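Each remark here refers to the structure printed beneath this line.
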Amino acid sequence: MKEVQKRREWTVGMILFLMSLLFYLFWYLFDGIIMTEDAPSYIQMQSDREPGYCLYLWLFRGIFGTEVGLHAAVIGQCVIAAMAAYAITGTLGRLFSLSWFGSVGVLVIQYGITLLNRFVAQRRCSYFNSIETEGLAYSLWVFYFLCILGVWFQRDKKSLAGAIVWSVALISIRKQMLITLVILFLVVLISYYRKEGWKKAAISVLLTCVIVLAGTRFIDCGYNWMVRGEFAPHTGDSSFILGTELYLADKEMAQYIQDVDNRALFLEIMRRAEEKEYNIAYADKGWQAIEDHYSSAYDRIKFDIVMAVIREHQEAQGIAVADRETDYNRIAGSMMRDLLMPSVPELLRLFVCNVIHGLITTVLKVHHLLNWAALFLYVFYGMTVFYVIMLPRKYNSAENCLAMAGEFALIVLLAIVVNVCFTSLTIYCQMRYMLYNTGLFYQAWWIMLLQICRYWKNQKG
């Protein structure tokens, strides 16, 4: 009997995977490869890019050649996306004892994110057939989050090891994914404390953080040693915060720049930024107007102005091409540190605007009507969580699933808050940075509603 059950589960799983693979490959066959604005920097393995996605593309180029390699990389992203869809549908189905109807709902939500990107979002294409970090990172995030659930509900070493591995992989792809370490820190601390006490929890958290940070650093430095012969991390991290500081700055802030040459560069950057009105002073009133202006100006400040001004300075100074990345990072880092404290009041103001924008973008699209709808979604989501937590339980199997559904929803909410707040500190919360938790938000809500229905059905029975 068990053998028949296993064979049936394997057949259903294979059908689910193949169906998901066809779904994701369809957009690749229909739209082809989408070359995004960031694609060349990853293909060329620029030193200011994290190593993970560069290595992913390099691997396929090495196996299949330059032209075919990009197609192979996109097909690989579609395969991994199909595996993620299979994994989250199967894992949540087992964890919460979902019926076929419940599992179909989970899968439809997973597909729905791609359909929204293809038909509703401004980009009008799937991420999985794009040369973009999200094409790989979205799927790895699913694997990571499932391991987080394993740590929370089962506290098994396999799930913890998996969460560590996926955290290292994600951080190596995008620095934004440092949020995985924050979430892992909190989940390990609380879950181990509940069962093992503070001592075991503190030791587990410390080891987890050390392994993730050391692993990420080793991959970063090892990659640069392989590509450039220097065992050092990638450059350019300072430019992210610097871009925001310059957006908020004015010419009077030149007094805070310690280095004379950097002060001259800052004044030239500000002159060009003001000519293009790439400054918060030119934004209309209201958080949404500030966000719209900030999002349109941020990349232009970084790439069209800061990079151009520093490159012109380097050429005038006769700095060798091989040394320009290191010199650029030195200038950007020094300027960022000098401007940080004077920018704090405006950074806090922008942070609030970013957080509002990020919370809305996670569940809907920013629009003067949809903004209120997003607020109601969060309120109803919170009410559902509260209702699930407050329901009386005898902790039989069905009611235990109800309690677990509430905890799952709270972990998703934690992930949303951490992602929005962390991203808001460094850059604007555009949709592709927020979509990691969109599917999970609706899947958690769906599962809570199913468990509530099951609870009351059992009470009547």
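The values are calculated or read from the model by the stated rules, or taken from the named source; none is laboratory data. Quick caveat: nothing in here was measured; it's all calculated off a predicted structure. Cβ coordinates were reconstructed from backbone atoms using ideal geometry, including for glycine residues, and neighbour counts include every protein chain displayed. Just so you know, the surface numbers come from the protein's heavy atoms only, side chains and all, with ligands and any DNA or RNA stripped out. Shrake-Rupley method; radii C 1.70, N 1.55, O 1.52, S 1.80 Å.
Is it true that LEU59 is within 19 Å of LEU140 (Cβ to Cβ), part of a helix (DSSP H, G or I), within 24 Å of the chain's Cα centre (by Cα) and hydrophobic (A, V, I, L, M, F, W, C)?
Details: within 19 Å of LEU140 (Cβ to Cβ): yes; part of a helix (DSSP H, G or I): yes; within 24 Å of the chain's Cα centre (by Cα): yes; hydrophobic (A, V, I, L, M, F, W, C): yes.
Yes, satisfied.
Scanning the range 169-188 for residues that are open to solvent by 10 Å² or more (accessible area, probe 1.4 Å), part of a helix (DSSP H, G or I) and in contact with a Phe, Trp or Tyr (Cβ under 9 Å, 6 or more places away or on another chain), which turns out nearest to VAL417 (Cα to Cα)?
VAL182
Cβ-Cβ contacts under 8 Å between residues 6 or more apart (or on different chains), taken from a first residue in the range 354-366 that is within 16 Å of SER296 (Cβ to Cβ) to a second residue that is among the acidic types (Asp, Glu), are listed as ASN354/GLU291; HIS357/GLU291; VAL366/GLU291. Within the range 436-457, track down each residue that is of a type outside the set (Ser, Thr, Tyr) and open to solvent by less than 20 Å² (accessible area, probe 1.4 Å). Residues satisfying the conditions are ASN437, GLY439, LEU440, PHE441, GLN443, ALA444, ILE447, MET448, GLN451.
If I go through the range 272-291 residue by residue, how many of them are assigned to a helix (DSSP H, G or I) and more than 20 Å from PHE240 (Cβ to Cβ)? Give the steps one after another, and end with the answer.
As a first pass, look at the range 272-291 and keep what is assigned to a helix (DSSP H, G or I): 272-275, 280-282, 287-291.
Applying the additional criterion that residues be more than 20 Å from PHE240 (Cβ to Cβ) yields 274-275, 281-282, 287-289.
Qualifying residue count for the region: 7.
Cβ separations smaller than 8 Å between residues 6+ apart or across chains give the following pairs from the range 267-287 residues that are over 19 Å from ILE257 (Cα atoms) and among the β-branched types (Val, Ile, Thr) to residues that are in a helix (DSSP H, G or I) and open to solvent by less than 70 Å² (accessible area, probe 1.4 Å): ILE280/TYR247; ILE280/LEU248; ILE280/ILE290; ILE280/HIS293; ILE280/TYR294; ILE280/GLU346; ILE280/LEU350.
Restricting attention to the range 128-147, which residues are more than 13 Å from the chain's Cα centre (by Cα) and either open to solvent by less than 10 Å² (accessible area, probe 1.4 Å) or farther than 23 Å from VAL165 by Cα (or both)? Listed by number, the residues that qualify are ASN129, SER130, ILE131.
For the range 361-409, the candidate set comprises residues that are among the hydrophobic types (A, V, I, L, M, F, W, C), assigned to a loop (DSSP other than H, G, I, E, B) and more than 18 Å from TRP456 (Cβ to Cβ); within that set, the residue that is modelled with the highest pLDDT is LEU364. Would you be able to say whether some residue in the range 237-255 is basic (Lys, Arg), closer than 22 Å to PRO342 by Cα and surrounded by fewer than 19 Cβ atoms within 10 Å (Cβ to Cβ)? Yes, that holds for at least one residue.
Kindly establish whether ALA264 is in a helix (DSSP H, G or I) and out of contact with any Gly (no Cβ under 9 Å at 6 or more places or on another chain).
Numbers: in a helix (DSSP H, G or I): yes; out of contact with any Gly (no Cβ under 9 Å at 6 or more places or on another chain): yes.
Yes.
Keeping to the range 108-126, report how many residues are part of a helix (DSSP H, G or I) and open to solvent by 10 Å² or more (accessible area, probe 1.4 Å). Reasoning before the result, please.
Kept after step one, since they are part of a helix (DSSP H, G or I), are these residues of the range 108-126: 108-119.
Applying the additional criterion that residues be open to solvent by 10 Å² or more (accessible area, probe 1.4 Å) yields 108-113, 115-116, 118-119.
Adding up the residues that qualify gives 10.
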